[in-house]
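Structure first, then comments.
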Amino acid sequence: MRKTFYYSFLLTKAEEEAVAARSEPRQVTRGLVEIRDWYPAPRIDPNNPWQIRKSITSNEVVTTELTLSHEEMFEHVFRYWTLDMADHVVRGNKCFVILVDYTDDMPKKIQSESVFLKTGPNDTCILGLGDVVRARYLNPGDEVGLFWDMRSGTFGFKLLRR
């Protein structure tokens, strides 16, 4: 099931009366809803699962936080989460996640306070990568790959190119 924002442009009669009584301007509200997919979810190629590819910027190295677009999150991550989990993040809450680093031959599970997901500006999401940035000595221009592993409920990470 896909997640999308539902914008409420029309008020009920009770909401109209409440707004008129308070003499406040009407606000358009939005909420996260789940809709049925017309098409099946994108298949993940087991040989190349990196659905999200990013070049690291200098700001992301300094803050140790990777900015992910609205489209990337809703298409490749939130699609596989429950509505409550996705709504928790969209409402501005921090969600601690587990990240598996596949850069070396032996994958390494990383779970700490520096690995999290939260909302960013302009409907983006921020993935905290504190331990990974320090362990991998990431530099501006490095290309990383990410994917959401539905089976284990973890983010997959790999340093693709320096």
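A Cβ distance below 7 Å, combined with a sequence gap of six or more or placement on separate chains, defines the contacts here; from the stretch 70-83, residues that are under 12 Å from P42 (Cβ atoms) reach residues that are among the small types (G, A, S) and exposed (fewer than 15 other Cβ atoms within 10 Å of the Cβ) in the pairs R79/A41. Each residue in the stretch 1-59 was checked for being touching a residue at least 12 places away in the same chain (Cβ under 8 Å) and of a type outside the set (D, E, K, R), and 25 pass. When V97 is tested against the conditions (1) surrounded by fewer than 19 Cβ atoms within 10 Å (Cβ to Cβ); (2) over 23 Å from M1 (Cβ atoms); (3) touching a Leu at 6+ places or on another chain (Cβ under 9 Å), the lone failure is (2). Restricting the stretch 117-157 to residues that are closer than 23 Å to R79 by Cβ and of a type in the set (S, T, Y), the residue that is surrounded by the most Cβ atoms within 10 Å (Cβ to Cβ) is T154.
Taking the stretch 105-162 and the strands (runs of 3 or more DSSP E) fully enclosed by it, the elements with 2 or more residues that are closer than 21 Å to E71 by Cα are at 116-119, 125-128, 143-149, 154-161. For the stretch 32-90, the set of residues classified as surrounded by 14 or more Cβ atoms within 10 Å (Cβ to Cβ), more than 30 Å from N139 (Cβ to Cβ) and β-branched (V, I, T) consists of V90 only.
Wholly within the stretch 1-101, which strands (runs of 3 or more DSSP E) include no fewer than the required count, namely at least 1 residues that are at pLDDT 95 or above and acidic (D, E)? Let's see the steps before the verdict.
Numbers: elements: 2-8, 29-35, 52-55, 65-68, 99-101.
In the stretch 1-101, 65-68, 99-101 are the strands (runs of 3 or more DSSP E) which contain 1 or more residues that are at pLDDT 95 or above and acidic (D, E).
Give me a count of the residues in the stretch 67-113 that are over 19 Å from G153 (Cβ atoms) and either of a type in the set (S, T, N, Q) or within 13 Å of the chain's Cα centre (by Cα) (or both). The total comes to 7.
Examine the stretch 44-61 for a residue that is farther than 25 Å from R162 by Cα and either over 20 Å from the mean Cα position of the chain (by Cα) or hydrophobic (A, V, I, L, M, F, W, C) (or both), and state whether such a residue exists. Checked against the condition, which is being farther than 25 Å from R162 by Cα and either over 20 Å from the mean Cα position of the chain (by Cα) or hydrophobic (A, V, I, L, M, F, W, C) (or both), the stretch 44-61 yields no hits at all. V28 fulfils the conditions (1) closer than 30 Å to R134 by Cβ; (2) exposed (fewer than 12 other Cβ atoms within 10 Å of the Cβ) except for a single criterion, (1).
Sub-6 Å Cβ pairs linking a first residue in the stretch 137-153 that is in contact (Cβ under 8 Å) with a residue 12 or more places away in the chain to a second residue that is exposed (fewer than 12 other Cβ atoms within 10 Å of the Cβ), at least 6 apart or interchain, are P140/S58; D142/R162; E143/R161, ordered by first then second residue.
The values are calculated or read from the model by the stated rules, or taken from the named source; none is laboratory data. The model shown is predicted, which means the values in this text are computed figures rather than measured ones. Counting neighbours? That spans all protein chains shown, and the Cβs are built from the backbone with ideal geometry, glycine included.
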